[in-house]
1. Tell me the net charge near residue 96. Cut-off is 13 Å between Cβ atoms, residue 96 excluded, with +1 for each Lys or Arg and -1 for each Asp or Glu.
2. Please find the FRET efficiency linking residue 345 to residue 411, where r is the Cβ-Cβ separation and R0 is fixed at 60 Å, and quote it to the nearest 0.05.
3. With a 1.4 Å probe and every protein chain left in place, work out the accessible area per residue of the range 32-97 in Å², rounded to a whole number.
4. Please give the peptides 139-145, 52-58, 271-277, 254-260 ranked by average Cβ packing (other Cβ atoms within 10 Å per residue), highest first, as a rough proxy for protection.
5. Mind jotting down a quarter of the surface of the convex hull over the alpha carbons of the range 272-314, in square nanometres, one decimal?
6. Let me check the size of the range 251-364 from its C-alpha atoms; what are the radius of gyration and Dmax in Å?
7. Express the relative contact order of the range 37-122 as a whole percentage, based on alpha carbon pairs under 8 Å and six or more residues apart in sequence.
8. Please compute the net charge surrounding residue 64, taking Lys and Arg as +1 and Asp and Glu as -1 over other residues with Cβ under 10 Å from its Cβ.
Amino acid sequence: MKLNRTLLGLGLTLGLALIGGGSALAEGPDYFMYFGTYTGFKYVHHSRTYGVGESHSKGIYVSRYHSATGEVSEPELAAEIVNPSFLAIHPNHRFLYAVTEDPLSLGPPLDHASYVSAYSIDPATGKLHLLNTLPTGGTSTCFISLDKTGKYVMMANFGSSSVTVIRVKEDGSLGEMTAFIQDTGHSVNTSIQNEPHPHSILVSPDNRYVIVSDLGIDKVLIFRFDQSTGELSPPGPAFATVAPGGGPRHFTFDADGRFGYQLSEMSGAVNVYSWNAGAGTLANVQEVQTVPAGFDGTNHSAEIQIHPNGKFLYESNRRTRGEELRGPDTIGVFAIDQEKGTLKEVEQPLSGGIMPRNFSIDPTGKYLFAANQMSNNVVLFSIDPDSGRLKPTGKELKVDTPVCIQFAPVSP
């Protein structure tokens, strides 16, 4: 076993040199990059799965990333698992958690169970070792995160209109459910908003509140979170709103915890809110549009992240013009006013592929990796630290149906 791990580590190092085209010995931290994928289908549209059987992915993949040079090894299978659509890394970087969304690839209305799996991370190879698997408590679970203490995993169950919290044991495995909330309501788009569809869940910077973006009811729900018990309250929480039909998808806070940013999938709008940490409330500050003026088609915005330097916000856009014509698929770049929290568009370069469902900025802030779901590639961009602009490096990784990227530092 020790020999196998040594050989794999050597293979990852050689892969770095092959893809990066430079020395893997340059100074800078290394990270394991994990890729969540769909294994049973290619994508979901209007609650139907498309391309069933067309994905050749086997589960979660891992590459080794050298931040000083942008060198990345070829992805290798880290764990075989069905439809690991979203991943989360424990704060101690020793464990990874993955949700199995729609295990039978039937689509949200027909999905009857989703699962969450806990893994330990091999510090030498990045390979994953299964600790245990439990039901998420909902269906078509599409998002997972951890609280700041690492004692709880939180999940958004798109299909069953609920959110759940499960305790994390000392050994990283999953324990009992500590919270279950059933969302209620609807909104104006009857094709998708006839019931709630929670799409993301994450804690506030002080770990006292939980923010749930619900695409089906056009609300950003705010629950109180008890980190000693893992409970959420109340069942009828405070909330912020987006424009009717917007479809809130993913949310993020700025590093200082003064502002929150909500990306809506259907409208493509980013709502800026001021965050009152004492009261646990969001107040509208600004709404900016990511869809180009005059665009005649359908928009599906996806991921949102803030650069580690706090100066820039990035978001991804999937667009169609009719049933067959796709694009332009872009990564939107916005400058953040450091006093007001407001946004100003910088650019919207192409993502380098089709359907950028996810992207991730590396922890050092030097590079952005765009995961293009339909074109089976992860494209590497360098980031200008002064302007926030993206520049294609010419490097890309081949990953079948990539839908999530997470980083974990390699232990020295």
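The values are calculated or read from the model by the stated rules, or taken from the named source; none is laboratory data. What you see is a predicted model, and the numbers here were worked out from it, not measured in a lab. Methodologically, a virtual Cβ is constructed for each residue, glycine included, from the backbone with ideal geometry; neighbour enumeration extends over all protein chains shown. Remember, those area values only see protein heavy atoms, side chains included, never the ligands or the DNA or RNA. Shrake-Rupley method; radii C 1.70, N 1.55, O 1.52, S 1.80 Å.
1. Charge balance in the 13 Å sphere: +1.
2. Details: r = 40 Å, r/R0 = 0.66.
My answer for the efficiency is 0.90.
3. Using a 1.4 Å probe on heavy atoms only, each residue of the range 32-97 averages 34 Å².
4. Descending packing order for the listed peptides: 139-145, 271-277, 254-260, 52-58.
5. Computed as one quarter of the Cα hull surface, the answer is 4.6 nm².
6. Cα only, the range 251-364: 14.4, 49 Å (Rg, Dmax).
7. Working: 170 pairs, mean separation 21.6, N = 86.
With pairs under 8 Å counted, the relative contact order is 25 percent.
8. Overall, the nearby charge balance is -4.
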